[in-house]
Amino acid sequence: MSAAHEQGAGHGHGHDHGHDHGGEAHGTMRDYVWGFVLSVILTAIPFWLVMAGPIADKSVTGLIITAFAAIQIVVHMIFFLHMNARAEGGWNMLALIFTIVIVVIVLTGSLWVMYHLNANMMPQSHQMDSLP
């Protein structure tokens, strides 16, 4: 039996599951707990903002909730997906940047279309008065 065959004989496919893969650190229990605690906090605060209504302006509340959502995305990517600039030789970061660009384009375009549909399709009050 060859040395290469003997090396992979234990797993059937030649990979050593007990060692670090290319310098990428997998999460520790401490990392997962921190990620979970931060996720709960970042979910509870917007929930409280909506249910208790401490901010009178709904637009400000919406912006704050959006900011918490963006922060929560970052928390999930760091603590659960283990994304950083070194992972996968930088390809993960490039894919992330591409995804962010696409999401911004889609969201901006959607909001632009919805705003203009609302502005152009809803009758104005002076138009409503002239209807028979």
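Every read-out reported here was derived from the displayed coordinates using simple, explicitly stated rules and does not represent laboratory data. Keep in mind that what you see is a predicted model, and the values were worked out from it rather than measured. Please note: Cβ atoms are built from the backbone with ideal geometry, for glycine as well, and neighbour counts cover all protein chains shown.
One table, with the values for the structure above:
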quantity	calculated
P(r) of the range 24-82 over all Cα-Cα pairs, binned every 10 Å from zero, in whole percent	23, 42, 23, 10, 2
Added length on full extension, which subtracts the Cα-Cα distance from 0.36 nm per residue, T66 to Y32	9.9 nm
T43, T28 arranged by Cβ crowding within 10 Å, fewest neighbours leading	T28, T43
Cβ-Cβ FRET estimate between V40 and Y115, R0 fixed at 41 Å, reported to 0.05	0.75
